[in-house]
1. Answer yes or no as to whether ARG43 is among the basic types (Lys, Arg) and over 21 Å from MET1 (Cβ atoms).
Amino acid sequence: MRAVARFKQDKAYALAIFNKYTRNTDHELAEHTYRRQVDLVPRKPYVEDEGLQPLIDSLVDARPQLKGRRPSEFYDNRIIKRLDDSGYIDGLYK
């Protein structure tokens, strides 16, 4: 979560990391990528049923035992909730 906060708050650093690990030298590409991604990455990384259901649905043919299973059976947001309730996540953005 600290890395996400840094990514969202320190564009120059995020671009430098992107360029380093992708070996990118195209500044416009880095800028474009950052602009497209910065709002897609959530501050609070809760798993949501809506995001997981399509994955489960796509696997049913290969794994029939997944038919009828609910996404909430496969994740646990308690740790994120504790961090959120404690103010830790919001504190990263102050």
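1. Taking the combined requirement at face value, the residue does not satisfy it.
Per-residue answers, yes or no, for (1) within 25 Å of ASP90 (Cα to Cα); (2) surrounded by 10 or more Cβ atoms within 10 Å (Cβ to Cβ); (3) at pLDDT below 95:
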site: ARG6; (1), (2), (3): yes, yes, no
site: ALA12; (1), (2), (3): yes, no, no
site: LYS20; (1), (2), (3): no, no, no
site: ARG23; (1), (2), (3): no, no, no
site: ALA30; (1), (2), (3): no, yes, no
site: GLN37; (1), (2), (3): yes, yes, no
site: GLY51; (1), (2), (3): yes, yes, yes
site: GLN65; (1), (2), (3): no, no, no
site: TYR75; (1), (2), (3): yes, yes, no
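The values are calculated or read from the model by the stated rules, or taken from the named source; none is laboratory data. Computed from a predicted structure; not experimentally measured. Glycine gets a Cβ as well: all are built from the backbone with ideal geometry, and neighbour counts include every protein chain shown.
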